[in-house]
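**Q** Below are the structure tokens for one structure; questions will follow.
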Amino acid sequence: MKRILWTLLLLPFLITAGCSTKTTTNSPTDPPQTSTPSSQLPPTTKTQSTDATPPTLNFSWIALKDDMLNPKALTRDGKPDGHFHVLLPFTETAKIKYIIMRNTEFGAHIQWAWDYNPTVAIVGSPMAVFVNGEMVAQGTDIGLPSSGNTDLDLYVSELNNENGRDTFKFAKGQTISIQIKYITKSGAEKEFDATTVVNM
């Protein structure tokens, strides 16, 4: 009888001892935070942009002084010509095909041109092209061979109605544009474009 009594007295104690009031919460939205030492992190790599800036030419006005040509041909006429300088930054071997210079103001359009191919008739007045002080003669090849930094001195005449239409005098503040077409060794045709201001 005593054994039954002791069992009945111990039963509530055994029941409460087996139940724990401790509850744990583990939010599924909060992943465990682990810290990795910076020495163990994989090295970061910088991605380089594939949009390389294309090279640009340097085009500048020099002066109105030397006589190099006349408005109709590459022969001297005793009058000073407009002298321009061009620095071409070729990134690969190339050949210059033609050069065009223009002045467009108030609806008037004046053009000078040079083409390496002697069978091509230029549109506008002739241009004299010099490399290292020597005038470039037209050739039967596709163009003037060039590579790296190429310096050109360009001369164009003022116009006095020689063609029955155009009259032009260089003056301070005029904007002159240039277009240089060339072909690369790989066969791609490309172009340089720039402007300069006459500063007399």
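**Q** Can you tell me which residue within segment 174-189, out of those that are exposed (fewer than 15 other Cβ atoms within 10 Å of the Cβ) and charged (D, E, K, R), is farthest from Ile110 (Cα to Cα)?
**A** Ranking the qualifying residues of segment 174-189, first place goes to Lys185.
**Q** Same structure, new question: Condition (residue is over 22 Å from Thr196 (Cβ atoms), surrounded by 15 or more Cβ atoms within 10 Å (Cβ to Cβ) and either in contact with a His (Cβ under 7 Å, 6 or more places away or on another chain) or in contact (Cβ under 8 Å) with a residue 60 or more places away in the chain (or both)) applied to segment 95-118: is it met by at least one residue?
**A** Within segment 95-118, one or more residues are over 22 Å from Thr196 (Cβ atoms), surrounded by 15 or more Cβ atoms within 10 Å (Cβ to Cβ) and either in contact with a His (Cβ under 7 Å, 6 or more places away or on another chain) or in contact (Cβ under 8 Å) with a residue 60 or more places away in the chain (or both).
**Q** What strands (runs of 3 or more DSSP E) completely inside segment 87-189 contain at least 3 residues that are charged (D, E, K, R)? Write out each step before concluding.
**A** On the way: elements: 94-105, 108-115, 125-131, 144-146, 149-156, 175-184.
Once the strands (runs of 3 or more DSSP E) in segment 87-189 are filtered for at least 3 residues that are charged (D, E, K, R), what remains is 94-105.
**Q** Return the residue satisfying two criteria in turn: it lies in segment 56-86 and is outside any strand (DSSP E or B), over 33 Å from the mean Cα position of the chain (by Cα) and hydrophobic (A, V, I, L, M, F, W, C), and of such residues it is surrounded by the most Cβ atoms within 10 Å (Cβ to Cβ).
**A** The qualifying residue surrounded by the most Cβ atoms within 10 Å (Cβ to Cβ) is Leu69.
**Q** In segment 90-108, how many are under 20 Å from Ser177 (Cβ atoms) and modelled with pLDDT of 90 or more? So that I can check it myself, show each step before the final result.
**A** Filtering segment 90-108 for residues under 20 Å from Ser177 (Cβ atoms) gives 96-108.
Restricting the remaining residues to those that are modelled with pLDDT of 90 or more gives 96-104.
Number of matching residues: 9.
**Q** Being free of Cβ contacts under 8 Å to residues at least 24 places away in the same chain and loosely packed, with under 13 Cβ neighbours inside 10 Å is the filter; apply it to segment 134-173 and report the residue that is nearest to Ala94 (Cα to Cα).
**A** Of segment 134-173, the ones free of Cβ contacts under 8 Å to residues at least 24 places away in the same chain are 134, 136-140, 161, 164-165, 167, 169.
Restricting the remaining residues to those that are loosely packed, with under 13 Cβ neighbours inside 10 Å gives 134, 137, 140, 161, 164-165, 167, 169.
On the way: Glu134: 19, Ala137: 17, Thr140: 16, Asn161: 37, Gly164: 37, Arg165: 36, Thr167: 35, Lys169: 34 Å.
Ranking the candidates gives Thr140 first.
**Q** What is the residue count in segment 149-177 for residues that are modelled with pLDDT of 90 or more, in contact with a strand residue (DSSP E or B) (Cβ under 9 Å, 6 or more places away or on another chain) and of a type outside the set (Ser, Thr, Tyr)?
**A** Of the residues in that region, 16 qualify.
The values are calculated or read from the model by the stated rules, or taken from the named source; none is laboratory data. Computed from a prediction, not measured in an experiment: that's the story for all the values here. When we count neighbours, we look across all protein chains shown, and the Cβ atoms used for this are built from the backbone with ideal geometry, even at glycine.
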